[in-house]
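Where a number appears in this text, it was derived from the coordinates with a stated rule and is not lab data. Model, not experiment: these values are computed from the prediction. Reconstructed Cβ throughout: ideal geometry from the backbone, glycine too, with neighbour counts over all protein chains shown.
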Amino acid sequence: MSESPEQTGFVAPDPADLAPLFPGYDIQGLIATGGMGAVYCAVQRSLDRTVALKILPMEFSNDAAFCAGFEAEAKAMARLNHPNLIGVYDFGSVNGMIYIIMEYVPGKSLYHSAYGLAIDPAEVIRLVAAICNGLAHAHENGIIHRDIKPSNILLDLNAQPKIGDFGLARPIDRKVEEGEEIFGTPHYTAPEVVNSPHSVDSRADIFSVGVLLHELLTGKLPADDPRPASTIAHCDPRFDTIIRRATQPIPAARYSSASQIATDLQAIAAAKVPKVPGTAVMARPRPVRAGGAYPVVRKKSSSSASMLLLLVVIAAAGAAYVYFSKPLPVKEPVPVGKQPAPPPIQPAPKVDPVELPETKPEETTPPPVPPPVPEAEPQTAPAPVLAEPAQPQAKYDVPGFFERARKIMLERVKPLVASHQASLTSNLSSFERELNLRAHKMKTGAGPAEESVESVFATWQSGGGKIPESLDSQLSDIPGADGLFDEYLERQTGFDAKFRQGIAQQADFYISGLEKQIERLKADNDTGAILLIEREIEVTRETPGYFSGLMLGDEAAADSTDGQ
C-alpha cells in the first residue's frame, strides 16, 4: 500500500470556528469524527435542549446526487416521531457544508454494549420489542431503514434503544439509487437486497430484526452458528419460531409487519421468562460528556454497611489479641551439675612410617608449538530480524462483504456479458456460413470439406463459442479459408476489447462502494477491516485485469487478494 495515493482525511472544524455559523446554538464540543463528517454536542438556545450537530465535508455539497440523497434522508427522518427513533430537528447548508441537527443520545450503541454477549431473554424481549415498535412507526410512514444492525441502535441513559443512522433509509416509492445496493451489512441483510434490490420493501428490515434477535440471545450470528437459539442459549423454544419466520428467504413467508414480532415477543414475556444462567443484563449507560469523558459516580455507603464493617474489624482485632497474648513454650534449662560429661577422647592409632621408592623424573619431549593463528577479521553481528507487526483483527465480516459486493457487480455486468456472448455467437455463425459456401463450390472434395467445417465449428462452439488463435488444419484446403479466418478473428478481438472496456468501467463503481463502506467502518474504529478493504481497492486500481477477472470468473486474476 506504500505506492497507493495518499488520501487526505476529513479534518473536523474547531467548535469556535463553527459558532458564528450557528448563532442559535452553543457548540459544546466534538463528539466524533470520520471520513463522512463530524458530530458535535450543542445546546439549542431557544429551547434550552441538547442536540447533536452533524456536518459533512465541503466536497459533498458539490455532488448533486449526494445532496439529493442526503436531503431525502433528512426529510424521511424528520417525518418520524417515536421514542425508539432518533429524531431529526433541522437540516440545511451553511458556508458550503451540509448539516443536520438531530436528537442527542448520550449512551453507546448496542454493538458496543452487547457484542459477543448472550443477553438475558427478558432483556432481549424488551430491547427487540422496542426496536420493532420504532420500525413499525417508520414503515407506517413509508420509510425503510435497510441497515438494521447493533451499531445503528443507540442506548439512552435508561438503556432504551433508539434506531439511528438512516443513511440507507429511503421512501418506499423511491427507486434505488445507483450503488445503494452495495451497501448494508452481510448476514443482517435480506437476500432480496442483493438479488433484487428494486423489489425491496419493509420486510427486508424484518429479516434484519430476526438476525439481531438470534445474536442477542446467543452472542453469535446465525451465519456463524445456524443452530436454533434455544439449542445454543437454552432459552424458550418460541424464540426459534419467531427467528425462523422473520428470516425466511422468501419475503412473503416472513412477518408482514414489525409490530407482529413485538406482539409475539411480549407473549413470551407474559409467561415470565426465566433468567438463563450466564446471560448478561444491559447496564444503564452513564452520560457521555463532549469529548467522551464519563463523570465519576461515587456511591454513598449506608449506615448498616458501615456498622457491619466496624464489627468485622473489632472481631478481627480481638482474635489477633488473643492469639498473640499466649506465652510461647520455653524448654526448661538443664542444671550445670547435672549436665552429662563429654565422651573421653580416644588416642589416634599408631602408624609405622612407610618408605617410598626413590623415583627419577621421566624425560619427556616438549609438545610441538602450534603455528600462529592469523587474526580473524572483525565480523559484524547480523542485524536482528524484526517481525512484521500483526495486522489488527477485523471485527466486520470483510469476506462476506466482498462476496456480496461481487455478486451485485456480477448482476450489473450481466447485460454486458449477454451482449458480448451474442456478438461472439453471431461472428462464429457468419464465419461458418461463409466457409461452408466456399467448401460447397469446391470442384473436388466438397463433401469432405463441408463435413470438416461442421466438425471443427461444433468443437469451437462447445469450447466457449470463440475462434481460436490458429486455423484448424482440416480447413486449410478450402479456398480463401486463411483470409476469412484472419477477418473473423479480428472481429472477435474487437468484441473482446469492447467487452473488457465495459467491464473495466464498472470497476470505478465497485471502488466507490468499497470506499463508502470504509467510511462506515471508521465509526466503529475497525482498523483491521478497513485495511483489508483498502488493500482490495489498491489491487483493483493497480492490477490490470484484476476486476475483469473477478467478473469473468478468472481465478488467476482474482487470487491476489482472495483469502486475505
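Give me the net charge for the shell around PRO228: Cβ to Cβ below 15 angstrom, other residues only, Lys and Arg +1, Asp and Glu -1.
Details: positive: LYS220, ARG227, ARG238, ARG244, ARG245; negative: GLU215, ASP224, ASP225, ASP236, ASP240.
So the surrounding residues net to 0.
Return the tail of the calculated pair distribution for the range 1-132, meaning the percent of Cα-Cα pairs more than 23 Å apart. Let's see the in-between values first.
Values: 3969 of 8646 pairs.
Here the tail beyond 23 Å accounts for 46 percent of pairs.
Do any of LYS220/LYS272; LYS54/LYS162; LYS466/LYS516; LYS75/LYS395; LYS407/LYS522; LYS498/LYS522 go past 27 Å between their Cα atoms, and which?
Details: LYS220/LYS272 24 Å; LYS54/LYS162 17 Å; LYS466/LYS516 39 Å; LYS75/LYS395 32 Å; LYS407/LYS522 24 Å; LYS498/LYS522 38 Å.
In this structure, LYS466/LYS516; LYS75/LYS395; LYS498/LYS522 exceed 27 Å between Cα atoms.
About the Cα centre, and with charges only on the beta carbon of Lys, Arg (+1) and Asp, Glu (-1), how big is the dipole of the range 425-564? Nearest 20 debye, please.
Working: 13 positive and 26 negative charges, 94 e Å.
Rounded to the nearest 20 debye, it is 460 debye.
Give me Rg over Rh for the range 398-558, both radii from the alpha carbons and Rh done the Kirkwood way, two decimal places. Before the final figure, lay out each step's value.
On the way: Rg = 22.2 Å, Rh = 18.6 Å.
We get a ratio of 1.20 for the range 398-558.
Are there any chymotrypsin sites (Phe, Trp or Tyr not before Pro) in the range 73-166 that are in a DSSP loop and have at most 14 other Cβ atoms within 10 Å? List them by number.
Filter output for the range 73-166: TYR115.
If I stretch the segment between ALA497 and LYS516 completely, what's the gain in nm (0.36 nm per residue apart, minus their alpha carbon distance), one decimal? Mind dumping the intermediate values first?
Numbers: separation 19, 0.36 × 19 = 6.84 nm, distance 3.00 nm.
Additional length available on full extension: 3.8 nm.
Please give the net charge around VAL453, taking every other residue with its beta carbon less than 13 angstrom from that of VAL453, where Lys and Arg add +1 and Asp and Glu add -1.
Once all neighbours under 13 Å are counted, the net charge is -4.
Work out from phi, with θ = phi - 60° and the Karplus expression 6.51 cos²θ - 1.76 cosθ + 1.60, the ³J(HN,Hα) of each residue of the range 77-84, listed in order in whole Hz, and give x for Gly and Pro.
Here the 3J(HN,Hα) series is 5, 5, 6, 9, 8, 8, x, 9 Hz.
Taking the range 431-510 as the region of interest, what is the percent of Cα-Cα pairs per 10 angstrom bin, listed from the shortest bin to the one with the maximum distance?
Values per bin, smallest distances first: 17, 43, 22, 11, 6, 1.
Shape of the range 187-228 from its Cα gyration tensor (a ≥ b ≥ c, root eigenvalues): rounded if a/c is under 1.5, otherwise prolate when a/b > b/c, or oblate? Don't jump to the answer; show the numbers that get you there.
On the way: a/c = 3.78, a/b = 2.14, b/c = 1.77.
Prolate.
Specify whether the C-alpha gyration tensor of the range 476-531 places it in the rounded, prolate or oblate class, a ≥ b ≥ c being the square roots of the eigenvalues: rounded for a/c under 1.5, otherwise prolate if a/b is larger than b/c and oblate if not. Walk me through the numbers before you get to the answer.
Numbers: a/c = 11.85, a/b = 5.06, b/c = 2.34.
Prolate, since a/c reaches 1.5 and a/b exceeds b/c.
Projected area of the range 389-473, taken from the Cα convex hull and averaged over every viewing direction, in nm²? Show your work: numbers first, answer last.
Working: hull surface 38.4 nm².
One quarter of the hull surface, i.e. the mean projection, equals 9.6 nm².
Starting from the amide H of SER93, placed 1.01 Å from N in the peptide plane, find each other amide H under 5 Å away whose residue is 5 or more places distant or on another chain.
Sorted by chain and number, the residues that satisfy this are TYR99.
Please work out how much length the chain gains when fully extended from ARG406 to GLU542, using 0.36 nm per residue of separation minus the C-alpha to C-alpha distance, in nm with one decimal.
On the way: separation 136, 0.36 × 136 = 48.96 nm, distance 1.81 nm.
In short, 47.1 nm is gained.
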